[in-house]
Amino acid sequence: MTDRATTLKGIRIVDLSMGWAGPLAARHLADMGADVIKVESCERFDWWRSWEATPEWIADNGAEKSERYNGVNRNKRNVTLDLESAEGRELFLQLVKKSNAVIENFSGSVLPKLGLDYDTLKQANKDIILVSMPAFGTTGPWQKFRAYGSTVEQASGLPHMNGFAEDLPTMQHVAYGDAVGGLNGASAMLVALRHQARTGEGQRVDLSQVEGLFPLGIHGILHQSALDEAPPRNGNAHSEFAPHGVYPCLPDSDSDSEPTWLLVQVFDDNQWLALKRVTGEALAHFDKSYNSGPARVSVAQQIDEALAQWTSTQEANSVAAVLQGAGIAAAVARRAFDALHDPHLNERKFWQWQERVFVGNQPNGSAAYQVNGQPIAIVNPAPTLGEHNTEVLGELLGQTNAQLEALETKGIIGTKPRMPGTRS
Amino acid sequence: MFEGALAGLRVVDIGGSVSTQYCAKLFADHGAEVINLEPPNGFATRLLPPVVSNEHSSNASALHGWLNANKRSVVASALNEVDIKRVLTSAALLLDDGNNPGWLATGVNVRSVISWFGTGESYANYTGSDGVCFAMNGMLRTIGRIEGPPLIPTGYQAQIVGGNTAFIGSLGEVIASELGNRTEPVNLETSIMEAMMCFTEVGVVGSYNSGLHAERMGVNRFPPTYPMGVYPCKDGWLGVTALTPSQWHSFCELLDMQEFADLPLFQTAVGRLEAADILEPMIQEKLLLLSAEDVFYRGQQQAVPLARVPTMEELFRVDQFVERGAFTSINFPAGTQLTVPGTPFRLFTTPPIAGGQVAALGAHTGNYQND
């Protein structure tokens, strides 16, 4: 697993994106072997390194210690260029000339303000692809509006499909729009790259991250569209299946009173019969008349109470394994961290460990598509700021050492972040 | 007939899961010829609710319709071996859910399997579901009221994520063969559970480094910041996120809470999150008296990332979505029309296909019976 993937060998992508969504999109392309060159500047560095930078944080090399940043920028190269300077901008356009595509996830006002709109990029390289993935898309009245992954989720309406009716519309408790935006960004780029591979032609690509979440809320959108009524918010209850919920088990050994929670979903009548066998007397009073889904749904609350009473005497991990052994969808509501020790993920070599300066040995989750039975190799950890200035600006763009030194003196390139407004 | 950036590609779906169909849908949206090679009674998705009225039961699923517009439906058993072999060998991509082990990649094509866990011993016989994936990636534990129970995200979200992830790997390999980067057939395998780790993998590393773990803090309360949630206003719902000090400052001004704007405790996201119980009642009370529409626009003018949070009824009328044509219309075999989301990304020179026709079961079988 030491060789870099060659799937997208020969394709070069300039990654202007920041935060989570855009860098994750470009990470997929880097994992597949594209030469992804991330461009930051010493003052306008990726805010995913920190949104609360201080001089102390800079002095402590905080910019290199963000697991968020490091997690989504592996397998890439990194250069710094101050795009607000004429020289930085010119070098950027030279890089565009030698690339297949640019990806960015700024709000719609940023590239034009930098004098780097699509027409300008096209003058440098008439076949360039530009994937723009602002939250609300590159057209329409909200094209310049700002958003995070949480904003994207809110604007998609998805919270109206989750939780209990008596609670507030419920979010997914991560910056949900970001990771999905990353998937759509990579997808959009690949579609454009395929057209370019066939015809040589580049183009603009417009991705609205908010619209990218509609497929995840499709069940609610179609409920409204097909039935002309709002989707219900029934907590963990399901309109077709019962039991269907999350049930309390015995507390973890290192916890005092908080139950460990167990997901149980019975999707068919055979699974119901299997659940009755596993739980013994606990569900025995639900006789044959409840051997159909609709019958069980009609008494879902009573089943939930009986099942919860039984699970509350059980150790969660053991009972999850027993239920799965009986063919029932069950899983402990575990910590994300527990996935690091998941036997199945480790059998499949999902976690790849990489030594990274400033932070040491770190786990990295593989791309979720394995090729011929092997995960795609993660060869290089996330680059440090400006790590490849010489390699890219020198070897690729032909800047001499003296020119590079002059650029560094002027603060146009560098390897350490600076507080905004401190360029000499 | 087929236009778009993926024109000229044939994709054959023999799996018929939500994941394989979503993956294939992205191909179809951009002009690939997608053939559903279905069993005699059709793919199981044909029966998923909700259903549209006035359509035959095998064609009436709204979800199936949305997933399969512009695809072709062929009943596999109506083709002879030669026909099937010709269809398969001419495909750039075969999509499977893991239940058809004999259908291997041939020539230079890609066989892409999407299953809950992928191959491997530990979960070889496990039953997967969207909920199981949310439990295993750690998200389920964190959603909902502090006292529990944790809340299962609804719908098919994990399966869509799995399909989208497989699309990336699959199209990458298709391009690889067209670029000459690959000259052999290739077997891809996407685990939906692993795809779902995209939401929490960074958190895993964070916990590894810090020893700290995300726990359930209450509805719409989660790291890295506060305020971040959905609030009722006098005319609808407002989505709020204030992350940076300047966003917090502007948000306080919008709500006429300037006295909190500069308090040192509230200058960091973590500081505000720790003080959320103090701030939450005030923010709720202020916003209830304000217009979500007004605060949204004024906030965005000050670079505060606010959102309207449309109900499903409102969603189809949101200015931004209407202007962009975010929704389109699909036609069912007996003529029913349904409004559905269009494809999430648009190419300007080779635009995606908007809307389309849902094929009745076996509607295209005859097209592929040549011998």
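Listed values, structure above:
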item: Elements of type helices (runs of 4 or more DSSP H) contained in region B:284-328, each with 2 or more residues being surrounded by 20 or more Cβ atoms within 10 Å (Cβ to Cβ) and in contact with a Leu (Cβ under 7 Å, 6 or more places away or on another chain); result: B:292-301
item: Residues that are in contact with a Leu (Cβ under 8 Å, 6 or more places away or on another chain), crowded, with 19+ Cβ neighbours inside 10 Å and of a type outside the set (Val, Ile, Thr), drawn from region B:80-104; result: B:Leu88, B:Ala92, B:Leu93, B:Leu94
item: Verdict on B:Ser77 being among the hydroxyl-bearing types (Ser, Thr, Tyr), touching a Ser or Thr at 6+ places or on another chain (Cβ under 7 Å) and either in the same structural domain as B:Thr350 (by TED's automatic domain parsing) or outside any helix (DSSP H, G or I) (or both); result: no
item: Residue match in region B:234-247 (condition: facing chain A (nearest Cβ under 7 Å), assigned to a loop (DSSP other than H, G, I, E, B) and within 23 Å of A:Ala155 (Cβ to Cβ)); result: yes
item: Qualifying residues in region B:329-364 (those that are among the polar types (S, T, N, Q) and not in a strand (DSSP E or B)) - the one farthest from A:Met133 (Cα to Cα); result: B:Thr336
item: Pairs where the first residue, in region A:292-315, is under 19 Å from A:Asn234 (Cβ atoms) and of a type in the set (Gly, Ala, Ser) and the second is modelled with pLDDT under 95 and part of a helix (DSSP H, G or I), C-beta under 9 Å, 6+ apart; result: none
item: Unmet criterion (only one of (1) out of contact with any Gly (no Cβ under 7 Å at 6 or more places or on another chain); (2) of a type in the set (A, V, I, L, M, F, W, C); (3) within 30 Å of A:Arg356 (Cα to Cα); (4) in a loop (DSSP other than H, G, I, E, B)) for B:Ala214; result: (1)
item: Set A:Leu262, A:Leu216: member being within 8 Å of chain B (Cβ to nearest Cβ) and under 30 Å from B:Leu48 (Cα atoms); result: A:Leu216
item: Tally of residues being under 20 Å from A:Phe214 (Cα atoms) and facing another protein chain (nearest Cβ under 7 Å) across region B:162-174; result: 5
item: Tally of residues being closer than 13 Å to A:Val102 by Cα and either assigned to a loop (DSSP other than H, G, I, E, B) or among the charged types (D, E, K, R) (or both) across region A:1-17; result: 5
item: Among the candidates B:Gly229, B:Gly172, B:Gly148, B:Gly203, residue that is in a helix (DSSP H, G or I) and either farther than 22 Å from A:Gly71 by Cα or more than 20 Å from the chain's Cα centre (by Cα) (or both); result: B:Gly203
item: 2 or more residues touching a residue at least 60 places away in the same chain (Cβ under 8 Å), out of contact with any strand residue (DSSP E or B) (no Cβ under 8 Å at 6 or more places or on another chain) and within 17 Å of A:Trp20 (Cβ to Cβ): qualifying helices (runs of 4 or more DSSP H) within region A:45-98; result: A:67-72
item: Yes/no for B:Gly148 being surrounded by fewer than 24 Cβ atoms within 10 Å (Cβ to Cβ), within 7 Å of chain A (Cβ to nearest Cβ) and either more than 30 Å from A:Ser257 (Cα to Cα) or among the small types (Gly, Ala, Ser) (or both); result: yes
item: Residues (within 8 Å of another protein chain (Cβ to nearest Cβ), more than 18 Å from the chain's Cα centre (by Cα), touching a residue at least 12 places away in the same chain (Cβ under 8 Å) and more than 17 Å from B:Phe167 (Cα to Cα)) located in region A:171-201; result: A:Glu201
item: Extreme residue, farthest from the chain's Cα centre (by Cα), among residues of region A:380-424 that are in a loop (DSSP other than H, G, I, E, B) and farther than 29 Å from A:Trp51 by Cβ; result: A:Thr400
item: Qualifying residue in region B:50-62 (condition: assigned to a helix (DSSP H, G or I) and buried (at least 24 other Cβ atoms within 10 Å of the Cβ)); result: yes
item: Some residue of region A:222-241 being surrounded by 21 or more Cβ atoms within 10 Å (Cβ to Cβ), at the interface with chain B (Cβ under 7 Å from one of its Cβ atoms), touching a Ser or Thr at 6+ places or on another chain (Cβ under 9 Å) and part of a strand (DSSP E or B); result: no
item: Given (1) in a strand (DSSP E or B); (2) under 29 Å from A:Ser187 (Cβ atoms); (3) free of Cβ contacts under 8 Å to residues at least 60 places away in the same chain; (4) more than 7 Å from every other protein chain (Cβ to nearest Cβ), number of the condition A:Gln370 does not satisfy; result: (4)
item: Criterion: modelled with pLDDT under 95, within 23 Å of the chain's Cα centre (by Cα) and under 30 Å from B:Pro153 (Cβ atoms) - qualifying residue of B:Gly128, B:Gly118, B:Gly138, B:Gly98; result: B:Gly98
item: Residues of region A:242-274 that turn out to be crowded, with 19+ Cβ neighbours inside 10 Å and within 17 Å of B:Gly128 (Cβ to Cβ), as a count; result: 8
item: Which listed residue, of B:Asn209, B:Asn181, is over 24 Å from B:Ser19 (Cβ atoms), assigned to a loop (DSSP other than H, G, I, E, B) and at the interface with chain A (Cβ under 7 Å from one of its Cβ atoms); result: B:Asn181
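The values are calculated or read from the model by the stated rules, or taken from the named source; none is laboratory data. Computed from a predicted structure; not experimentally measured. A quick note on method: Cβ atoms are made from the backbone with ideal geometry, for glycine too, and the neighbour counts reach across all protein chains shown.
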